[in-house]
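The values are calculated or read from the model by the stated rules, or taken from the named source; none is laboratory data. Quick caveat, the model's predicted, so the values are computed rather than measured. Backbone-built Cβ (ideal geometry, glycine too); neighbour counts: all protein chains shown. Ligands, DNA and RNA are stripped out before the accessible areas are found, and what is left, the full protein with its side chains, is counted by its heavy atoms. Shrake-Rupley method; radii C 1.70, N 1.55, O 1.52, S 1.80 Å.
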Amino acid sequence: MSGTTDGCEELAQHPLVAVYPGARVPAAEVDTHPVAGPDGTLQVHVTRYPVEPPGLMWQSPRSLTLHLLAVEPRPSDEIRARIPMSWTDEQRRKLSVENAGQDRLAASATVVIAHAGNTPPLLALDSLRRRRAAAQAVGVITDERTVLVWLSTSDLAAASGYTVTMTADADPGPLSLYPSALLGWALWWREQADRLTDEHVSFEELPPPPLELDVVEAWTPYRVSLTSHERTTFTPLPRPPREPDGPEYR
């Protein structure tokens with residue numbers, strides 16, 4: 001029995017074993033596969049796979065278009081305020097390490113998702129994209145049916161893009177995957193444009209997102225309306241002032 005158990009554990013860690021729909025994971029490799037739906041609406045199939053475990057060497061099949069999706073960790077001071085007084089130093093240390101690891105994942109992720117909480121949605125989105133300027137798409141969940149998403153239209157840096165409100169028409173399904181689905185649409189559009197022109201088409205030529213699409217997980221489609229399209233430019237935060245006694249002044 002022990003051999004069978006070990007085999008199951010290895011299988012569960014393998015990147016090609018999909019994450020169960022509805023499972024909450026802090027980060028995942030996401031595959032997007034757009035196809036035309038029965039009524040002509042674009043369907044973007046999204047499948048999550050576990051992040052590659054340390055030391056595991058593998059190469060994803062060419063049929064997959066994977067990107068890293070990470071949940072934005074809560075601020076450290078907010079986490080510390082919620083820690084029960086009964087926690088031991090070891091428990092506190094473990095939580096701190098986990099939070100630091102999640103921050104590193106979010107810093108390198110292609111897509112980052114967060115909850116707006118009590119912060120105005122646009123302010124929460126702007127703050128998130130400033131923190132995660134390397135991401136191609138960021139999104140903040142504003143309620144049980146809506147995600148505000150910013151999609152980059154720059155090939156080199158997240159300097160300009162589209163802000164769009166993605167709202168489920170009925171069952172919201174996987175809200176955290178909405179930004180990934182929108183990125184999947186953008187990648188699909190560029191691939192189609194490349195084929196039509198026989199040239200490389202940049203993200204800067206990306207048209208406004210469609211008015212609706214189906215986000216599909218585990219063969220279940222969830223119709224999503226896309227509204228309030230707006231072309232926006234990302235202005236990086238100014239660098240902090242240098243100390244007068246710093247090396248630049250010597």
_Tell me which of Y222, I83, A186 sits at the most positive position along the dipole axis of the stretch 79-232, charges placed on C-beta atoms (Lys, Arg +1; Asp, Glu -1)._
I83
_Ranked by how many other beta carbons lie within 10 Å on average, peptides 159-165, 133-139, 193-199 from highest_ = 133-139, 159-165, 193-199
*Net charge dipole size for the stretch 79-126 [Lys, Arg +1 and Asp, Glu -1 on Cβ; Debye, nearest 20]*: 140 debye
*Sort M85, M166 by accessible area with a 1.4 Å probe, largest first.*
M85, M166
*Taking H placed 1.01 Å from N in the peptide plane, check which residues at least 5 places from E212 or on another chain put their amide H under 5 Å from its amide H.*
L226
*Linear extension gain, H200 paired with R62, 0.36 nm per residue minus alpha-carbon span*: 47.7 nm
